Structure formats: structure tokens, C-alpha cells
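A short worksheet on the structure shown next.
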Amino acid sequence: MAKTIFAELGGKYERQGDYLIPCLTVPAEEEQAIGTWGQRHLDYLKQYLKVTYTNLLTSGRV
């Protein structure tokens, strides 16, 4: 069986039943402080643009 690009780059697989599932990890992100104006904009989104705020929150961008 030919190696996949994932395996050639050092990726590991784990067996679950009859399937080989790639072991993927997400790198840790640094917390970034929000300034005064950023906090005020966030409060504005929470109060007046609830759908936009919810979309940002669920996508992990807030």
C-alpha cells in the first residue's frame, strides 16, 4: 500500500474498528487581551446585533 501524504509528513493513524482514523490535534492558541474599544464594540454586538454576535461566538472568533 502506498503511503499517503499525511503519513509521509509523519502523521499517525489509530485503528477504530475496521477503519484507520488520522490522529489530529489543534495547536493551542494564545489569549489576546481586548482593549477598551474592543470591549465596547463587543457590548454593542451583544446588545444590538445578537445574530452577528452569536455567529462570531459559535465560530470561535469572539
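The values are calculated or read from the model by the stated rules, or taken from the named source; none is laboratory data. Remember, predicted model here, so these are calculated numbers, not experimental data. Every residue, glycine as well, gets a Cβ built from its backbone with ideal geometry; the counts of neighbours run over all protein chains shown.
What number of residues within segment 5-25 satisfy the criterion of being under 19 Å from the mean Cα position of the chain (by Cα) and modelled with pLDDT of 85 or more?
Number satisfying all stated conditions: 3.
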Matching option when the condition is more than 23 Å from the chain's Cα centre (by Cα) and assigned to a loop (DSSP other than H, G, I, E, B), among ALA33, ALA28, ALA2:
ALA2
Select from segment 36-53 the residues that are more than 21 Å from the chain's Cα centre (by Cα) and hydroxyl-bearing (Ser, Thr, Tyr) and list them in ascending order.
THR36, TYR44, TYR48
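Somewhere in segment 41-58, is a residue part of a loop (DSSP other than H, G, I, E, B), hydrophobic (A, V, I, L, M, F, W, C) and surrounded by 10 or more Cβ atoms within 10 Å (Cβ to Cβ)? Spell out how you get there, then give the answer.
Step one: list which residues in segment 41-58 are part of a loop (DSSP other than H, G, I, E, B), which gives 49.
If we keep only those that are hydrophobic (A, V, I, L, M, F, W, C) as well, we get 49.
Next, only the ones that are surrounded by 10 or more Cβ atoms within 10 Å (Cβ to Cβ) stay: 49.
The answer is yes, given that some residue of segment 41-58 is part of a loop (DSSP other than H, G, I, E, B), hydrophobic (A, V, I, L, M, F, W, C) and surrounded by 10 or more Cβ atoms within 10 Å (Cβ to Cβ).
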Pairs with Cβ under 9 Å, 6+ apart, first in segment 36-62 and within 26 Å of VAL26 (Cα to Cα), second of a type in the set (Gly, Ala, Ser) and surrounded by 11 or more Cβ atoms within 10 Å (Cβ to Cβ)
none
